[in-house]
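Student: My structure is below; once you've seen it, I'll send some questions.
What follows is calculated from the coordinates using simple rules that are stated; it is not laboratory data. Computed from a predicted structure; not experimentally measured. FYI the Cβ positions are ideal-geometry reconstructions off the backbone, even for glycines, and counts take in every protein chain you see.
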């Protein structure tokens, strides 16, 4: 008769964990030769030669490996290329590297002024900030995600309202509707005192020049709205040889909005991997 020694459950589990912990990617034939390094490497915008430095000597064994450079791609995106050859202390890479080294890119943007002057912003508008220098790089691109009511005037006073200081609310668009403090005289809106809540819109009110409002027992009251930027997304991080100064004004836009300003957070294009 063959006797088998039984291990307590806890001991068996510990044995299995110990065995699994000893296994690494190299146990399955993988070659772990990824290298991370920051700063010090050099290349030219639009060039195909990359000098790694950091004590790394390019060799033929590097050919066909991938090269990742954060912020050096088109518009400040990450560049991913392939090492195609060795030329002295440099790797030949493909495709060419769009942006130069040691640039600063936009990591975040906070709205400081939502709108001023003529025109309104619409969700989906793109904005290129003004200022800074983009030698070897490119300007950042911001996309409007949410809008809000920046200001309002009386389009139609309506009738039947309660006289005095009252609050009215927007009725169209998608999102959280705005509220305005108004003065009602003779049953109609005589003036807009302030925007008490700007709202938050993923789709603007339907007709900005004649937005129906409710409240204060009013009938037929309408306001003329100007829409500002509530929040933007950094679509392209860009690449600046000299950073713009905060608050940054609007350089251009795909829409008709004017006057928005932003505080930009900058970072360096310095982290690389091959």
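Student: So, in nm, how far is label residue 193 from label residue 224 when the simple model puts each one 7 Å beyond its Cα toward the Cβ?
Tutor: Calculated label separation equals 2.2 nm.
Student: What is the spread of the Cα atoms of the stretch 105-267 along each of their three principal axes, largest first, in whole Å?
Tutor: 63, 23, 21
Student: On to the next question. Kirkwood Rh, Cα Rg: Rg to Rh for the stretch 176-222?
Tutor: Rg/Rh for the stretch 176-222 comes to 0.96.
Student: Can I ask one more? Hey, what's the Cα Rg ratio for the stretch 71-186 versus the globular rule of thumb, 2.2 N^0.38 Å?
Tutor: Expressed relative to 2.2 N^0.38 Å, the Cα Rg reads 1.85.
Student: What distance in nm separates the two pseudo spin-label positions at residue 185 and residue 107, each 7 Å out from Cα along the beta-carbon direction?
Tutor: 5.3 nm
Student: Working out 0.36 nm times the residue gap between residue 209 and residue 64, then minus their Cα-Cα distance, what length gain in nm do you get to one decimal? Numbers along the way, then the final one.
Tutor: Details: separation 145, 0.36 × 145 = 52.20 nm, distance 5.94 nm.
Full extension from residue 209 to residue 64 adds 46.3 nm.
Student: Run the numbers for residue 89 and residue 268: contour at 0.36 nm per residue of separation, minus the present Cα-Cα distance, in nm. Write down the numbers at each step before the final one.
Tutor: Details: separation 179, 0.36 × 179 = 64.44 nm, distance 2.42 nm.
So the extension gain works out to 62.0 nm.
Student: Tell me, 179, 174, 226 in order of fewest to most beta-carbon neighbours within 10 Å?
Tutor: Lowest to highest Cβ neighbour count: 174, 179, 226.
Student: Where does each of 184, 118 land when they are ranked from fewest to most other beta-carbon atoms within 10 angstrom?
Tutor: 118, 184
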